[in-house]
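Written below as structure tokens is the structure these notes are about.
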Amino acid sequence: MERKTPLISPEDLRRQEEISDYIKTWWQGQGITPTAYVETYGCQQNEADSEQIRGILDRCGYGFTDSAEGADLVIINTCAIRDHAVQRVFGNVGALVHTKRRHPGQKIFVCGCMMGNPEISGRMKNSYTHVDGIFSPHHLWQLPEHLYRVLIRHRKAWAVEDSAGAIAEGLPVIRTNNLKAWVSIMYGCNNFCTYCIVPYVRGRERSRLPEDILAECRELIAAGYKEITVLGQNVNSYGKDLGMDIDFADLLASIAELEGEFTLRFMTSHPRDASHKLFDTMAAHPKIAKQFHLPFQSGNDRILKAMNRHYDRAKYLELIDYGRSLMPELVYTSDVIVGFPGETEEEFEDTIRLIERVRFDALFTFIYSPRPGTPAAELPDPTPKEEKNRRFDRLLQVQNTISEEKHRAYIGKTLRVLVDGKDGDKLTARTDGGRLVRLAGDDSLIGQFIRVTITDATTWSLIGALTP
Ligand code: SAH
Ligand code: SF4
Ligand code: F3S
């Protein structure tokens, strides 16, 4: 099979670099070190994109601030997954009228998944006249060109037209954390779950070449990173577009075989494509964290079908059981949607029963939010909002009890954790299974793998003490 996804050519990338250098010189010529504020909504994929945005801006000469007030450039990287997220962005972008009034030179860009939707980007363009530019995720790599247009040509920059979504390798990156790194291994999604907007705003699945991913991971490990999380909307279909003899489990194994002390995580997995081979690979490689985020969305087969998920409850449970048979300590987390159009009380109870059967360590719970343009948004949805809220609260209650029980079961255990930061006067750390641990200890432990004994637990976290 031929590779379908082209890479952006080195010439095109070099042109963007030249524009970056030009912008940097332009600012220097005015004796100004410009500042930029980048605000990120949504998932880790967007966080990773913002790290590239910062990398590009750094090359253009920008320093960074943590507020829009007084910044020369504001970039809002948006999420379209639920209406609530979209409304928040519109509100916050609206409020930038005031920061711009106080600092008239301020330039404002809006990018990310919302800008991948023509209705939403159209509204941004037409109603928010203080916005100088918008670009969809496909056009991120051309940020220097967009900036040039706005700063130097005094024009607006609109880059939202659909494109094949080629891959730009080697963009500069400024990472927010110096221990834990995100590495996108693929972009887009082909699944078209009927409720979800992602395939429309991020385009079709395309995988990076394994050698590019491995080179990036090698560099991260050499630079002292202790945790790498490989990212994709559906990592299990990694490689299908490459026309090479490699699947996700192979890729994961080859990263896990790199020299050095680090933990390897991945997200997100779609149950349809999660293979026994993937579980076998996890079990065989100590560096792959024993944590599996496996969104189930609903415990009812009719709803799963209506969601176009391509697996049923039995298949999901089979995967869960297979993983546990190989790795009894495996930590499962998941996503679930309450109130999909037409979900009955009994169908909802199937979701509760699945949660009670699997006993996840943690769940990300969402009330269904209709996304215009998706098939589910056209379905009749007779369940009142109050009823959905009631189901949601009941689900949370069930899960909180389980989370607390699961966390209490850690008490007395000694675990290896990576100390990753500080919260108040306590150090924070993560277990191999991704559970948060708080402990007293010296700052010099940050960045180290240590052993802690768990002394107490809450619904959300564990309390630990350094094991002598
Ligand atoms: N690609 C990932 C999910 C990305 S979106 C996967 O398939 O697992 C993260 C979560 O948001 C989804 O798992 C789903 O639970 C939730 N979500 C997506 N669209 C939604 C919508 N329209 N309403 C409510 N929740 C939604
Ligand atoms: Fe959305 Fe489904 Fe793709 Fe996940 S797999 S991004 S839920 S369409
Ligand atoms: Fe949101 Fe886009 Fe991620 S819609 S959840 S930021 S892929």
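If you add up the charges near I152, with Lys and Arg at +1 and Asp and Glu at -1, over every other residue whose beta carbon is less than 14 angstrom from its beta carbon, what do you get?
Details: positive: K24, K107, R149, R153, R155, K156; negative: E18, D21, D72, D132, E145.
That sum, taken over residues with Cβ under 14 Å, equals +1.
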Here the FRET efficiency for H130 versus A377, based on Cβ atoms and R0 = 30 Å and rounded to 0.05, is 0.50
On the formula 1/(1 + (r/R0)^6), with r taken between the Cβ atoms of H310 and T344 and R0 of 30 Å, the FRET efficiency rounded to 0.05 is 0.85
Inter-part gap, Cα centre of region 346-384 to Cα centre of region 120-167, in whole angstrom, is 35 Å
When the charge dipole of the chain is computed with +1 on Lys and Arg Cβ and -1 on Asp and Glu Cβ about the Cα centre, the Cα farthest towards its positive end, among I197, G29, I454, belongs to G29
As straight-line cross-link partners of K426, the qualifying lysines (C-alpha separation under 24 Å, not fewer than 8 residues apart within one chain) are K180, K226, K406, K413
Computed over the Cα atoms of the chain, the Rg and Dmax in Å are 23.0, 68
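Apply 1/(1 + (r/R0)^6) to the Cβ-Cβ distance of A284 and N400, taking R0 = 41 Å, and write down the FRET efficiency to the nearest 0.05. All intermediate terms of the calculation are to be shown ahead of the outcome.
On the way: r = 34 Å, r/R0 = 0.84.
Taking R0 as 41 Å, the efficiency between A284 and N400 is 0.75.
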So, over other residues within a Cβ distance under 12 Å of N46, counting Lys, Arg +1 and Asp, Glu -1, the net charge is -3
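Please give the length that would be gained between A85 and R359 if that part of the chain were fully extended, namely 0.36 nm times their separation in residues minus their C-alpha to C-alpha distance (nm, one decimal).
On the way: separation 274, 0.36 × 274 = 98.64 nm, distance 2.87 nm.
Length gained, A85 through R359: 95.8 nm.
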Both in Å, the radius of gyration and Dmax of the C-alpha trace of region 10-159 are 14.4, 44
Rounded to whole angstrom, the alpha-carbon centroid of region 220-299 lies from that of region 305-319 at a distance of 21 Å
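Taking only Cα atoms of region 414-466, what ratio of Rg to Rh do you get with Rh as the Kirkwood inverse-distance radius? The partial results should precede the final answer.
Values: Rg = 9.5 Å, Rh = 10.5 Å.
Reported Rg/Rh (Cα atoms, Kirkwood Rh): 0.90.
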Here, R218 and N190, labelled 7 Å along Cα→Cβ, have an inter-label distance in nm of 2.9 nm
Distance in Å, no decimals, from the C-alpha centre of region 8-51 to the one of region 426-468 is 37 Å
Quick calc: nm separation of the 7 Å Cα→Cβ label points for R302 and S444 -> 6.4 nm
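When the chain is fully extended, how far beyond the present Cα-Cα distance does K156 get from E169, taking 0.36 nm per residue of separation?
Details: separation 13, 0.36 × 13 = 4.68 nm, distance 2.68 nm.
Full extension of this stretch gives 2.0 nm more.
Add -39500 (n - 2.57) for each DSSP H run of 4 or more in the chain, then divide by its residues: what number comes out at 222 nm, to the nearest 500 deg cm²/dmol?
Details: 13 runs with 169 residues, N = 468.
When only DSSP H runs of four or more count, the value is -11500 deg cm²/dmol.
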Once the dipole of region 50-172 is set up from charges on Cβ (+1 Lys and Arg, -1 Asp and Glu), the residue from the list V97, A159, G170 lying farthest towards its positive end is V97
So, over other residues within a Cβ distance under 11 Å of V86, counting Lys, Arg +1 and Asp, Glu -1, the net charge is +2
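Quick one: plug the Kirkwood hydrodynamic radius of region 180-408 (C-alpha pairs) into Stokes-Einstein at 25 °C, 0.890 mPa s, and report D in µm²/s.
Values: Rh = 18.7 Å.
Result for D is 131 µm²/s.
Taken together, the values in this text are just the output of simple stated rules run on the coordinates, not laboratory data. Here the structure is a predicted model, which is why all the values come from computation and not from measurement. Cβ: placed from backbone, ideal geometry, glycine included. Neighbour counts: every protein chain shown.
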